[in-house]
1. The range 12-119: which GluC sites (Glu not before Pro) are DSSP loop and have at most 13 other beta-carbon atoms within 10 angstrom?
2. Considering only ILE168, ILE213, PHE27, whose Cα is most displaced toward the positive end of the charge dipole of the chain, charges sitting on Cβ of Lys, Arg (+1) and Asp, Glu (-1)?
3. Taking the Cβ-Cβ separation of LEU175 and THR112 as r and a Förster radius of 22 Å, what is the calculated FRET efficiency to the nearest 0.05?
4. What does the extension gain come out to for TYR12 and THR28, with contour length at 0.36 nm per residue minus their alpha carbon separation?
5. Using the number of other C-beta atoms within 10 angstrom as an exposure proxy, rank CYS64, CYS181 with the fewest first.
6. Could you pull out the GluC sites (Glu not before Pro) across the range 134-203 that fall in loop regions by DSSP (anything but H, G, I, E, B) with no more than 13 other Cβ atoms inside 10 Å?
7. Indicate, rounded to the nearest 5 percent, the antiparallel portion of the DSSP beta bridges found entirely in the range 153-305.
8. Show the residues, 5+ positions off or on another chain, whose built amide H is closer than 5 Å to the amide H of LYS134.
Amino acid sequence: MGLDTSDDAAVYKLNEDTALIETLDFFTPVVDDPYVFGQIAAANSLSDIYAMGGKPIVALNIVCFPTCLSMDILAEILKGGSDKVREAGALLVGGHSVDDKEPKYGLSVTGTVHPDKVLSNSNAKPGDILILTKPIGLGILNTAIKAEMLDENIQQKAIDTMRSLNDIAAEGMKLTEVNSCTDITGFGLLGHAFEMAKGSEVSIVIDSDKVPIIEGTIENAQMGLVPAGAYRNQEYLGESIKFQENIPTYIQDILFDPQTSGGLLISLKKEKSKKLLDYYSKELKTEFNVVGEVTEKQDKYLIVK
């Protein structure tokens, strides 16, 4: 499994019992606290392994850092990443750094999965429901944070959402039969749902009223604090999406909003979902909900109601 359907990671089969999952991700700081930034970047990188149905086993740091900044800052970034890798039950085994004008940090992660248990973003089936395991709005809230316009309590909720691992969400998927999965990151909820729909040759209907949104997101979207990435996502999807006329522009912006370390979007048969939803109600610390359904292919890949 590789690039054909824009999947979250590459999968290489070693033998009948084991396949390797390989992924890499890194980005510039989204918060001022270097330790928290390290946590968020690591959680984001680890997420691809969970989206493929796997378990992370080893990780390597990838670091870009300017020599004009204090090495104490770099130490805190690496400590945040190391602690998050340890929380995931994996080992941090080294990495590589280069001198760069702007700090960047992330991980190259290797995971394992049984070849018969690999999840992809291209196997959604008509009749499936869609579960989203984290609320959205992180790109908008990060924009508000940079503008110093966000309430401290809401800022903390955004941080806690970003640095939360998708391990519990992934563990729940083992309780039932899941058809497809992807994690929600830079392409936003609609961008990643589009990739799932196109790869599966189906249409996906998103119920905008059911999508969990972090407190404060709507107010900031209404004020126009929307990152450029949201508009790039909208331009990319173009004619592939249909909005019902009653969807406000600010809700559309939120649905296009690029996420940092977002949740999993899971496609499975409705009749197989009860055990998973019950598990999430007891174990998942982030807000989740059933946000849509999969239908036979229509004239648009995505319909938002």
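1. Numbers: sites: GLU16, GLU22, GLU76, GLU87; in loops: GLU16.
Sites meeting the loop and neighbour criteria: GLU16.
2. Positive-end residue among those listed: ILE168.
3. Working: r = 19 Å, r/R0 = 0.88.
Using R0 = 22 Å, I get an efficiency of 0.70.
4. Details: separation 16, 0.36 × 16 = 5.76 nm, distance 2.92 nm.
Extra length from TYR12 to THR28 when fully extended: 2.8 nm.
5. Values: CYS64 17, CYS181 28.
Lowest to highest Cβ neighbour count: CYS64, CYS181.
6. Details: sites: GLU148, GLU152, GLU171, GLU177, GLU195, GLU201; in loops: GLU148, GLU177, GLU201.
Those that pass, being in a loop and sparsely packed, are GLU148, GLU177, GLU201.
7. Working: 8 of 14 bridges.
Counting only bridges with both partners in the range 153-305, antiparallel ones make up about 55 percent.
8. Here GLY263, LEU264 satisfy the definition.
A short reminder: the numbers here are calculations on the coordinates, not readings from a lab. What you see is a predicted model, and the numbers here were worked out from it, not measured in a lab. For neighbour counting, all protein chains shown are included, and Cβ atoms are generated from backbone atoms with ideal geometry for every residue, glycine included.
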